[in-house]
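Student: Next up is a structure, given as structure tokens.
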Amino acid sequence: MPAVNDGIAVVTGASSGIGRAVAAALANPSSPDAPRFTVIGTSQHPENIENPLPNVEYLPLDLEDPASIDALAAEVLRRGTPAVLVNNAGESQSGPLEELPHEALTRLFQLNVLGQIQLTQKLLPAMRAAGAGRITMVGSMLGSFPLAFRSSYVASKAALKGFAFAGRREVRPFGVNISVMEPGSINTGLSARRTKYIDMEGPYRTEFSTMLRRLDRNESNGISAERVAEEILKSITDHRPRPLYATGSMAPIIFPLSRVLPRETVHWIIGRKHGL
């Protein structure tokens with residue numbers, strides 16, 4: 001694939017967590033030989049960002065608002081052709097399938113899937129015309145290994161991966177690559193921001209609470225956002241970028257195991273890790 005060594009890099013959800021770590025690595029590389037990009041980070045409210053990163057320009061983006069997506073894309077293209085797009089922004093959601101409100105599902109899929117794809121569609125033609133570009137979709141290992149009471153989040157990340165894997169072949173002849181990054185448990189404070197939908201008087205309350213406690217504990221002991229950013233940078237700099245990158249939650253072990261163990265056994269292992 002054609003290399004991308006400079007130009008504009010767009011990172012959505014760059015105010016915290018993985019997005020902030022990726023934006024920092026792209027704007028301020030640790031090695032003098034590493035590519036250096038003009039980084040545009042997005043945030044729903046960039047004016048409220050504490051300690052904004054040096055060499056990163058923050059622009060507003062609300063993935064629930066098509067007009068906001070259009071405005072961001074237009075502003076990026078006004079400045080030049082994007083070389084890199086990291087679709088990272090999104091929502092983490094939990095709840096029993098039976099109790100997930102329709103409006104919550106609609107919002108989640110707009111944020112985690114449709115908004116990401118809409119932004120990609122706006123920027124992709126310029127990348128294609130330039131003959132080079134790297135697009136990374138930040139998914140989750142749950143997109144490959146589903147967990148009970150996370151069905152909506154699992155489905156959104158699996159959907160994003162489906163778009164990426166299918167679209168990857170479409171854009172490859174034009175010098176553009178699409179990869180997926182699936183992190184496992186990450187210590188980014190996401191637990192406090194996760195949306196939860198559960199009837200605490202209902203039939204699922206006990207197992208849901210058990211899962212959530214284990215999930216929060218696993219994330220508090222998880223890898224850093226900077227470690228995830230290192231893997232994302234590989235999808236941007238590798239000469240032959242892979243379709244899927246993964247790190248954390250024993251990724252080097254669980255992915256090979258999933259190819260030899262029955263699927264039901266893999267699902268049981270994931271459930272047991274979360275107290276189910």
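Student: How many angstrom lie between the Cα centre of segment 210-254 and the Cα centre of segment 126-161?
Tutor: When both Cα centres are located, 13 Å separates them.
Student: Can you tell me how the chain classifies by the Cα gyration tensor, rounded, prolate or oblate, using a/c under 1.5 as the rounded cut?
Tutor: Prolate.
Student: To continue, here is another question. For segment 1-160, what is the accessible area per residue in Å² when the probe is 1.4 Å?
Tutor: 40
Student: Which of the lysines could a cross-linker bridge to residue 234, judged by Cα under 19 Å and excluding same-chain residues fewer than eight apart?
Tutor: The reachable lysines, counting only those whose Cα sits under 19 Å from residue 234, are 161.
Student: Can you tell me the length gained on complete extension of the stretch residue 77 to residue 103, counting 0.36 nm per residue apart and subtracting the Cα distance?
Tutor: Gain on stretching residue 77 to residue 103: 6.1 nm.
Student: May I ask you to list the lysines whose Cα is less than 18 Å away from that of residue 273, ignoring any residue fewer than eight positions away on the same chain?
Tutor: Hits, sequence-local ones excluded: zero.
Student: What is the distance, in nm, between label points placed 7 Å from the Cα along the Cα-to-Cβ direction at residue 196 and at residue 174?
Tutor: With each label placed 7 Å out from Cα toward Cβ, I get 4.4 nm.
Student: Distance in nm between label sites at residue 242 and residue 121, each 7 Å beyond Cα in the beta-carbon direction?
Tutor: In this crude label model, residue 242 to residue 121 measures out at 3.1 nm.
Student: Now a separate question. To the nearest 0.05, what FRET efficiency results for residue 31 and residue 59 with a Förster distance of 25 Å applied to their C-beta separation?
Tutor: 0.40
Student: Let me check something: with ligands and nucleic acids excluded, how do 57, 75 order by accessible area (1.4 Å probe), largest to smallest?
Tutor: Values: 57 75, 75 50 Å².
Largest accessible area first, the residues go 57, 75.
Student: Let me ask something else about it. Assuming R0 = 25 Å, what is the FRET efficiency of residue 67 and residue 6, from their Cβ-Cβ distance, to the nearest 0.05?
Tutor: 0.25
Student: A further question on this structure: Along Cα→Cβ, 7 Å out, is where each label goes; now give me the distance between the ones at residue 165 and residue 210 in nm to one decimal.
Tutor: In this crude label model, residue 165 to residue 210 measures out at 3.1 nm.
Student: Using a 1.4 angstrom probe on heavy atoms only, work out the carbon and sulfur share of the accessible area of the chain in %. List each step's numbers first, then the result.
Tutor: Working: 6960 of 12920 Å².
Carbon and sulfur: 54 percent of the exposed surface of the chain.
The values are calculated or read from the model by the stated rules, or taken from the named source; none is laboratory data. Note that the coordinates shown come from a computational prediction; the quantities given were computed from them, not determined experimentally. FYI the Cβ positions are ideal-geometry reconstructions off the backbone, even for glycines, and counts take in every protein chain you see. The protein model used for the area step is the full one, side chains on, heavy atoms only, and it has no ligands, DNA or RNA in it. Shrake-Rupley method; radii C 1.70, N 1.55, O 1.52, S 1.80 Å.
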